[in-house]
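Structure first, then comments.
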There are 10 protein chains.
Amino acid sequence: MEFLLNIVVTFPPDGDPAEKERRIKAEGVRARELAAAGTIKRVWRVPGQWANWSIWEAPDATALHEAVTSLPMWPYLDVEVIPLAAHPNDPGAGK
Amino acid sequence: MEFLLNIVVTFPPDGDPAEKERRIKAEGVRARELAAAGTIKRVWRVPGQWANWSIWEAPDATALHEAVTSLPMWPYLDVEVIPLAAHPNDPGAGK
Amino acid sequence: MEFLLNIVVTFPPDGDPAEKERRIKAEGVRARELAAAGTIKRVWRVPGQWANWSIWEAPDATALHEAVTSLPMWPYLDVEVIPLAAHPNDPGAGK
Amino acid sequence: MEFLLNIVVTFPPDGDPAEKERRIKAEGVRARELAAAGTIKRVWRVPGQWANWSIWEAPDATALHEAVTSLPMWPYLDVEVIPLAAHPNDPGAGK
Amino acid sequence: MEFLLNIVVTFPPDGDPAEKERRIKAEGVRARELAAAGTIKRVWRVPGQWANWSIWEAPDATALHEAVTSLPMWPYLDVEVIPLAAHPNDPGAGK
Amino acid sequence: MEFLLNIVVTFPPDGDPAEKERRIKAEGVRARELAAAGTIKRVWRVPGQWANWSIWEAPDATALHEAVTSLPMWPYLDVEVIPLAAHPNDPGAGK
Amino acid sequence: MEFLLNIVVTFPPDGDPAEKERRIKAEGVRARELAAAGTIKRVWRVPGQWANWSIWEAPDATALHEAVTSLPMWPYLDVEVIPLAAHPNDPGAGK
Amino acid sequence: MEFLLNIVVTFPPDGDPAEKERRIKAEGVRARELAAAGTIKRVWRVPGQWANWSIWEAPDATALHEAVTSLPMWPYLDVEVIPLAAHPNDPGAGK
Amino acid sequence: MEFLLNIVVTFPPDGDPAEKERRIKAEGVRARELAAAGTIKRVWRVPGQWANWSIWEAPDATALHEAVTSLPMWPYLDVEVIPLAAHPNDPGAGK
Amino acid sequence: MEFLLNIVVTFPPDGDPAEKERRIKAEGVRARELAAAGTIKRVWRVPGQWANWSIWEAPDATALHEAVTSLPMWPYLDVEVIPLAAHPNDPGAGK
């Protein structure tokens, strides 16, 4: 099942630079693992913001929750999860 | 450039069945043309609603507007267009 | 996977009484079928409104969409689907 | 009478880890007591968030308030209470 | 248990005057019955609108729903129900 | 003239306990004075929250403002004031 | 006591022109009476809309409701009433 | 003074085609007059919608209201007017 | 041109009392200057809040911005500016 | 492609004055570079606020994101990006 996620990063602008650096780096590593596993399929930046839209694939919302909360940046993420149903005319289904 | 679209169909439940039929059929034809042209890349249903989320590709917002308004159902569509920026870690970029 | 649904009935107060009667009757029949199949697990009325909250079980959002749109009242339903993830302390899990 | 609750935990990500640990542990204990007493009937996680949806049973809103505010995490909870009325076709009534 | 209700009347301004008259008259009769039964305790107009705020007393949300939907104007009412819990310093408790 | 007030207490969960204690105590004293003077007529808790709904009586909005801002907790209160007009069928008018 | 009102006219663009004409004319007459009585003190147009902001003076919300609902256009008005309290530095107080 | 306007056209999809045609044509004529007079300075389409964003110049909100309401489509326009103040670094000031 | 302003003061309840005192005092001085200049014409308190509604007169939004930002409390003000157009039936025009 | 941006500066009123000074100065320099490059075409202040509306030109949302995030104030900016499509009657197209 696919999900559309809107994620806003809330790490404060005056937060500890070292922790920010560490979390961003670890986030990149974990995100690549989730991409390699087919869990994260697409990611786009919201122009002008520290935020993104993304397409995830997971068996259900429970598995999705585990994947999202495995992100090192998660304590500083506002995450909205939108469930998606298959559309008969989806040109990209199965990709 | 890619765009995320949220489209809600507002054709009234007590509208003319023949016109509804005709527009849905024509919509399917036009949607497949736009998919074949690479303009519509993904489409999902919003579960429980006559509505969808979709990913479009167009040179700019002007070309996108022309593509969206070419849909036969357009007079009965509430369309929200969300611009997307490339993300360096997008596993599906270029697909 | 379980889903929380908020459904508002929009059949107009001055709509055709016979059609209203017919749809409500058919709705009851279909709802009982979905309950018997384990798809609809709980239903509550929103006090004061022609609306309800309900818990549904379906393999994914696609199957849920098919179940919801099989309701005879569906053209007159505003449906919001909220995905639910399992909680380790849920006293009613599996019921 | 049953209630639908939406609870968001607002404990800050940079809050004291020891207090966080202590409150989460105590919260689990109290939540299990409320479940054993039949006050908390179902709990689900909101996928991607430190938040949940739950079904509570209490004689009235006053008793519910006492139960909710007995949670050790309560000072850090945003709680929305939605009253539920019985539906004649509820397949899970009385469970 | 007490409830705070916000009710907006949606009878259209160009609706049938005879039906409007009939419903308003019947509404007054039923409202006085509910007041006499102690179900409706206070009613105020929202200044400038065909709408009101009111305090109701009912055993639970199910009984409240039955009382509200017994109003002859109900098909044309937008009703929001807000559950109230007792406050230890309420000067009017029990009145 | 009567007013409906929705008050949310914003004293932070990690605020100084002594000041919190002091303000709550003083708040109770002042609230009882306002009740004795007939200014506060009803108070209910919002279930699950540190917030309340209340009915106030004051000659006008200026007098109401003075009464509300005399509450020792006022710097930590989010106050919404809703003006109420008399309803001819109010069973509790004059009480 | 003074009130700030935001009024939006909802008379439909395809409504009966004769009724529209009649109501607008009668509205002007009644508005001038209310102005002469000191009830309506200021009126401004919302630029670009068939809507206005206005300052009213009335003993209380009940009297204000009577004045507003005496407007011939009232069935087609969306009226929001905002109560105002005196400010010690108001340069226009008493005018 | 410059204003930012967001205009949504609400002419119904099943409205009279002849009237629609007539109003659109007249709208184009009047819009060009306002552009020639320097009142309308920029216009953009909202992609996917029958709506636009535009920059207007007018001595004040009163003159702007007269210009906007001179549009033949005005009865079917939802218009939001946003006042703009000069910015010292505006590269396009005076153009 | 006249403007309607809604101003909410956001100075924190636990802010420095001396700075608060100093800013409030200076605010009063500046507000009286603006009133004497005819820039601030009316001011009302929002009952129950540290906030106000006011009517300002300024040649345009640029001049208004300069006047508002000259308030010593401005860094702690949330200001909403609503442009007003003259109404032919305004009983207070020119006052 | 043109974009409409709404930018709100969130630098706290009690933030470090030296950093504020430094960022504002650097912001001015970078903004002038972006204007000289034709990326920023118009900028207006939101009257009464530390915020602005602006028109940007960029090949796509990705290039726009790079330009916006190059602003030295960016960590303290809330940025909303609105995509614009060309309008056939735009008097300022190409300027």
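Throughout, read-outs are computed from the coordinates displayed, never taken from laboratory work. Worth saying up front: this structure is predicted, and the values here are computed from it rather than measured. Positions of Cβ are generated from backbone atoms using ideal geometry, with glycine treated the same way; all protein chains shown enter the neighbour counts.
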Environment charge of D:N89, counting only residues whose C-beta is closer than 13 Å and scoring Lys/Arg +1, Asp/Glu -1: +3
- line: The residues H:R45, G:R32, sorted from fewest to most surrounding Cβ atoms within 10 Å, come out as G:R32, H:R45
- prompt: Looking only at J:G15, J:G38, J:G48, which one moves most when chain J is put into a Gaussian network model with springs between Cα atoms under 10 Å?
  reply: J:G48
- prompt: For chain F, modelled as a Gaussian network with Cα springs under 10 Å, which listed residue fluctuates most, F:A85, F:A51, F:A26?
  reply: F:A85
- request: Rounded to whole Hz and in sequence order, give me ³J(HN,Hα) for the range D:72-79 from the Karplus expression 6.51 cos²θ - 1.76 cosθ + 1.60, θ = phi - 60°, writing x for Gly and Pro.
  value: x, 8, 3, x, 10, 10, 9, 10
message: Given points 7 Å out from each Cα along the Cα-Cβ axis, report the C:V9 to I:N89 separation in nanometres with one decimal.
response: 4.2
query: Over the protein assembly as shown, what per residue volume does the convex hull of the Cα atoms give, in whole Å³?
result: 185
- prompt: Viscosity 1.002 mPa s, temperature 20 °C: Stokes-Einstein D of the range C:7-55 from its Kirkwood Cα radius, in µm² per second?
  reply: 179
query: Of D:K20/F:K20; D:K41/F:K20; A:K20/J:K20; G:K20/H:K20; B:K20/H:K20; I:K20/J:K20, which pairs sit farther than 26 Å apart, going by alpha carbon to alpha carbon?
result: D:K41/F:K20
Residue among C:A31, C:A18, C:A61 with the largest mean-square fluctuation in a Gaussian network model of chain C, springs linking Cα atoms under 10 Å: C:A18
query: Computed on alpha carbon atoms, what radius of gyration and Dmax characterise the range G:2-83, expressed in Å?
result: 12.5, 38
statement: Summing -39500 (n - 2.57) over every DSSP H run of at least 4 in chain I, dividing by its residue total and rounding to the nearest 500, the 222 nm mean residue ellipticity is -10000 deg cm²/dmol
task: Only bridges with both residues in chain C count here: give the DSSP antiparallel percent, nearest 5.
output: 100
field: Relative contact order [Cα under 8 Å, 6+ residues apart], chain H, whole percent
entry: 47
task: For C:T10, list long-range residues whose amide hydrogen, built 1.01 Å from N in the peptide plane, is under 5 Å from its own amide hydrogen.
output: C:L77, C:D78
- prompt: What order do you get for A:I82, I:I24 when you list them from fewest to most C-beta neighbours inside 10 Å?
  reply: I:I24, A:I82
query: Which residues' amide hydrogens lie under 5 Å from the amide hydrogen of H:R42, considering only partners 5 or more residues apart or on another chain, with H built in the peptide plane?
result: H:I55
field: Karplus-derived HN-Hα couplings along the range I:18-33 (A = 6.51, B = -1.76, C = 1.60, θ = phi - 60°), whole Hz, x at Gly and Pro
entry: 5, 5, 4, 4, 4, 5, 4, 5, 5, 4, x, 4, 5, 4, 5, 4
task: In whole Hz, with x marking every Gly and Pro, tabulate ³J(HN,Hα) for the range G:4-17 from phi via Karplus 6.51 cos²θ - 1.76 cosθ + 1.60, θ = phi - 60°.
output: 9, 10, 10, 10, 10, 7, 10, 4, x, x, 9, x, 4, x
